[in-house]
Amino acid sequence: MRSGLPVVSADADRSASYGGDMAPAHHVPAPEFDVEGWIGTPSPLASLRGKVVLVEAFQMLCAGCVNYGIPQAQRVQRMFPNVAVVGLHTVFEHHEVTGPDALRVFLREFGVRFPVGIDRHDGGSIPVTMRTYGLEGTPSTLLFDRAGSLVFSHLGKVDDLALGVMIGQLIAQPDEPAGNASATTDSLVDQRE
């Protein structure tokens, strides 16, 4: 599902926006999620520094999220126990039927065991974190290196093998800023579909 947000072009100033497919050229810690609360263990990004982090932004009424976004995040959690997996429930439509109580039932029914933050609304139609990161819709997959920099963001289905390679490369990196991850993840972005 698309939110109607503009696409961030490849030429956009990447230090000012975290949207689109990108990898920062310099280590810049990503902005913290602005959530109303957590289902599961609260997992703000700052608390996950030192780990590779996969975030799956989803809506529970999004067919793509249910069919491949959430199942892929669950596979990553099973296959990469040293990667932190976090969900971000970011609702830009059907607000009246997607509240925290319904989300708890949904997560239980689908066997989701990773923590899920509930993106905060500030009166606009697009939730705060979704806007901050320039996400175009759901499902959106985000990868952060161990330094806390966003190195990959994609709307829609991401090939399992390509995602696994990116995660493996991030895990294998020495503890240093994301600059080295940029070249590797940029080359995979073009091949993932």
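The values are calculated or read from the model by the stated rules, or taken from the named source; none is laboratory data. Note that the structure is a prediction, hence the values are computed from the model and not measured. With ideal geometry, Cβ positions are generated from the backbone for all residues, glycine too; neighbour counts draw on all protein chains shown. With ligands, DNA and RNA removed, areas are computed over all heavy atoms of the protein, side chains included. Shrake-Rupley method; radii C 1.70, N 1.55, O 1.52, S 1.80 Å.
Can you classify the stretch 77-154 as rounded, prolate or oblate using the Cα gyration tensor, where a ≥ b ≥ c are the square roots of its eigenvalues, rounded means a/c under 1.5, and otherwise it's prolate if a/b beats b/c and oblate if not?
In terms of gyration-tensor shape, oblate.
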Taking a probe of 1.4 angstrom, what is the accessible area of Phe92 in Å², to the nearest 10? 20
Mind checking the full-extension length gain between Asn82 and Ala172? Use 0.36 nm per residue of separation minus the Cα-Cα distance, one decimal, nm. 31.2 nm
Using the heavy atoms of the protein chains alone and a 1.4 angstrom probe, what is the accessible area of the stretch 90-154 per residue in square angstrom? 38
How long is the gain from Leu61 to Glu93 if the chain were fully straight, where each residue apart is worth 0.36 nm and the alpha carbon distance is subtracted? 10.6 nm
Taking every other residue with Cβ under 11 Å from the Cβ of Val91 and scoring Lys and Arg +1, Asp and Glu -1, one gets -3
Rank-order 58-65, 44-51 by packing density, defined as the average count of other C-beta atoms within 10 Å over each peptide's residues, highest first. 58-65, 44-51
